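Engineer: Mind looking over this structure? Questions follow.
The values are calculated or read from the model by the stated rules, or taken from the named source; none is laboratory data. Bear in mind the structure is a predicted one, so any value in this text is a computation, not a measurement. Neighbour counts are summed over all protein chains in view; Cβ atoms, including those assigned to glycine, are modelled from backbone coordinates with ideal geometry. Areas reflect the complete protein model, heavy atoms only, side chains present, ligands, DNA and RNA absent. Shrake-Rupley method; radii C 1.70, N 1.55, O 1.52, S 1.80 Å.
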Amino acid sequence: VEQDKIRNFCIIAHIDHGKSTLADRFIQYSHIVEDRQFREQMLDSMDIERERGITIKSQTVNLPYTAEDGNTYVFNLVDTPGHVDFSYEVSRAIYSCEGALLLIDATQGVEAQTLANMYLALEHDLEILPVINKIDLPAADIEGVKEQIEHELGLDPDDAVCISAKTGKNVEELFEHIVKKIPAPSGDLEAAPKALIFDSHYDPYRGVVLYVRVFEGEIKEGDTMLLMSSGASYEIEEVGHLRLKGIPQKSLRAGEIGYVIAGVKTIRDIRVGDTITIKEKPASQPLPGFKEVKPVVYSSIFPVDSNQYEELGKALEKLVLNDASLVYEKTSSVALGFGFKCGFLGLLHLEVVQERLEREFDLAVVFTAPSVQYRITQKDGTIITIETPDEYPDVTKIEKVEEPYIKAIIITPNEYVGGIMNLCMEKRGVQTSLLYLDKKRVELIYEMPLAEVLFDFYDRLKSISRGYASFDYDLIGLRETNLVKLDILVNGKPVDALSQLVFKDNAASRARAICKKLREEIPRHQFKIPIQGAVGSQIIARETISALRKDVTAKCYGGDITRKRKLLEKQKEGKKRMKMVGDVEVPQRAFLSALKAS
Ligand code: GDP
Ligand code: MG
């Protein structure tokens, strides 16, 4: 394909504004799949993505399009993840494109994530095409959205294409716009090769498949590719175009997007954002913007049934094949036995891993309280970083503790501003800006501790604003904090898996909430069970579960043996989801709800 016939673009949209639906229309109209094989949300490959309507793993497709001018163009649609947890991957995908469709739901208008991603696209000099979606809905406010496009985004509203991704209305018109408005890629075909890895996935038969954008030169089968950040080299086995399956090609040339297979065994050996060049003709400088992504949230995972420890290990091993951002190492807990300490990109990432372990691997697991990474300066001058309560040093040795802060951007209809400001204040937020975007909407900017956002911030923001407020954040660095380790004791025994690192002023209320939840969730035993929250030796919260004597078979008046057996089996079934803490049976659910309590 000639460079001038290529259009590389992505779709930027807030969650639910219709990105996946529009991608479906692109796939359908290009006829790369037969109608009978077509299904909805083609690009969202995991069940969880489909159910939750979010894209976790991006997929890219190469779509032929014959335009009104008679030429056949190639559209490379780069699908990007739609959640703040995955913003680095979004930035690499954006960098691989010349243009972006900024998709806005006509019934919702511009939202925080739309803005954040548009800034990213502008930073990379992308041509931005505003697209107003869902115009088939009666509540569509096209004029209102056009006004926002002009005043909030600073784009020309006359360029906006109004479509319905669902019915297909005006979608062909959008295609013509893409041909005319989005610039073709450029890049010297003869230069030393430079290709950006913007994504990857693991194929059990072929090893790691790299998704790349070639910026300069040409890469082909038989070349020795060199990864510029690590210096590792591999022989290229195959290159090709992405049409939901790989279509092998002789080479990939400057301007093209495609895949590379080169005998890379594990996803750990490559980094999204790295530059590929060719050993025989190496580039001197990598492409800019490479960054090593690091986890921001930590939690340990334990199997409910300790016999499943090895299975859990194998499941994690499988998950990381396709998810290089998930990191884990072995750990152990007095209460829960052997498990794995894991690092995640955010809470959503954590929840996705949890759901996949339970669904795809049929494992019952317990997660410990999610924690951020703290930096502790000790009295002897040494600095350590810790992510779990068990790493917390002796308090007498601590000079100071620092925690990560974020800049939070919240956009909300103005009637919810008061409630949101109270929430942010409660979460130790400091307001740095309040801006009226238009008559109805306000943008609030706060600096606040990441740890506060990990708990119920997002849910509460949504409930205060009846779902209308949107939220995005960036990490901005470390600030000093007053941290304590909160322990939870069940029947006098500390349950290490329930320990948490918390801001001192939050300790008492957090402890009370957890104790109360545990009292509700732990079934009565034949003895009395005290549940306590403690900081050091000081008890700051207390609940008691009273004793109960209960013979479940007692009401089965002798004879009916099958009923009796059924009852016992049912009880046994319930026990599978129980974890023994000393003499106390704690249901798996109790750990989860205790951690959500606040
Ligand atoms: P994404 O989160 O941006 O990928 O959004 P989806 O494509 O999953 O769409 C979110 C919801 O909006 C789904 O229920 C879609 O069926 C619906 N939707 C998407 N586009 C349209 C449209 O043009 N009209 C209507 N009525 N609904 C749409
Ligand atoms: Mg989607």
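Engineer: Applying 1/(1 + (r/R0)^6) with R0 = 41 Å to the Cβ-Cβ distance of Ile398 and Glu311, what FRET efficiency is obtained, to the nearest 0.05?
Structural biologist: Numbers: r = 38 Å, r/R0 = 0.94.
That pair, Ile398 with Glu311, gives E of 0.60.
Engineer: With the full set of protein chains in place, find how many percent of the accessible area of segment 504-553 is carbon and sulfur; take the probe as 1.4 Å.
Structural biologist: Numbers: 1250 of 2910 Å².
Its accessible area is 43 percent carbon and sulfur atoms.
Engineer: While we're on this one: May I ask you to derive the FRET efficiency for Ile15 and Asp156 from their Cβ-Cβ distance with R0 = 25 Å, giving the value to the nearest 0.05? The partial results should precede the final answer.
Structural biologist: On the way: r = 26 Å, r/R0 = 1.03.
Computed FRET efficiency for Ile15 and Asp156 comes out at 0.45.
Engineer: Oh, and also: Taking a ≥ b ≥ c as the square roots of the eigenvalues of the Cα gyration tensor of segment 150-193, is the shape rounded (a/c under 1.5), prolate (a/b larger than b/c) or oblate? Provide the component values of the computation, followed by the final result.
Structural biologist: Values: a/c = 3.47, a/b = 1.74, b/c = 2.00.
Judged from the Cα gyration tensor, segment 150-193 comes out oblate (a/c at least 1.5, b/c at or above a/b).
Engineer: Also, I was wondering about something else. Test of the criteria: in segment 237-268, which trypsin sites (Lys or Arg not before Pro) are in a DSSP loop and have at most 11 other Cβ atoms within 10 angstrom of their Cβ?
Structural biologist: Numbers: sites: Arg243, Lys245, Lys250, Arg253, Lys265, Arg268; in loops: Lys250, Lys265.
The qualifying sites are Lys250, Lys265.
Engineer: Could you tell me whether segment 425-483 comes out rounded, prolate or oblate from its Cα gyration tensor? Rule is a ≥ b ≥ c as square roots of the eigenvalues, rounded for a/c under 1.5, then prolate if a/b exceeds b/c, otherwise oblate. Kindly include the intermediate steps, with their values, before the conclusion.
Structural biologist: On the way: a/c = 2.47, a/b = 1.48, b/c = 1.67.
Taking the square roots of the gyration eigenvalues as a ≥ b ≥ c, segment 425-483 is oblate.
Engineer: Here is a follow-up. Determine the shape class of the chain: with a ≥ b ≥ c the square roots of the Cα gyration tensor eigenvalues, call it rounded for a/c under 1.5, and otherwise prolate if a/b is greater than b/c, oblate otherwise. Don't jump to the answer; show the numbers that get you there.
Structural biologist: Values: a/c = 1.77, a/b = 1.63, b/c = 1.08.
Prolate is the answer for the chain, as a/c is 1.5 or above and a/b outweighs b/c.
Engineer: Angle, helix 507-521 long axis vs. longest principal axis of the chain, Cα atoms, 0 to 90°, nearest 10?
Structural biologist: 80
Engineer: Write down, largest first, the equivalent ellipsoid semi-axes of segment 324-482 in whole Å, where each equals the square root of 5 times an eigenvalue of the alpha-carbon gyration tensor. Could the numbers behind the result be given before it?
Structural biologist: Working: eigenvalues 208, 108, 27 Å².
Square roots of five times the eigenvalues give 32, 23, 12 Å.
Engineer: Return, ordered by residue number, the residues of segment 498-521 whose backbone nitrogen is under 19 Å from a label point located 7 Å along Cα→Cβ of Leu548.
Structural biologist: What the label zone holds, given the 19 Å backbone N cut-off, is 515-521.
Engineer: Now for a separate question. Calculate, for the chain, the solvent-accessible area per residue in square angstrom, rolling a 1.4 angstrom probe over the heavy atoms of the protein chains. Provide the component values of the computation, followed by the final result.
Structural biologist: On the way: 27190 Å² over 598 residues.
On a per-residue basis, the chain sits at 45 Å².
Engineer: Quick one: length gained pulling Ile445 to Ser433 fully straight, 0.36 nm per residue minus the C-alpha distance?
Structural biologist: Numbers: separation 12, 0.36 × 12 = 4.32 nm, distance 0.50 nm.
Taking 0.36 nm per residue and subtracting the Cα distance, the gain is 3.8 nm.
Engineer: For segment 90-248, give the percent of accessible area contributed by carbon and sulfur heavy atoms, probe 1.4 Å, rounded to a whole number.
Structural biologist: Values: 2890 of 6350 Å².
Accessible surface attributable to carbon and sulfur in segment 90-248 totals 46 percent.
Engineer: Taking the alpha-carbon centroid of each part, what is the distance from segment 230-254 to segment 269-326 in angstrom?
Structural biologist: Taking the Cα centre of each part, segment 230-254 and segment 269-326 sit 21 Å apart.
Engineer: Give the angle, between 0 and 90 degrees and rounded to the nearest 10, that separates the Cα long axis of helix 417-426 from the longest principal axis of the Cα atoms of the chain.
Structural biologist: That helix lies at roughly 50 degrees to the long axis.
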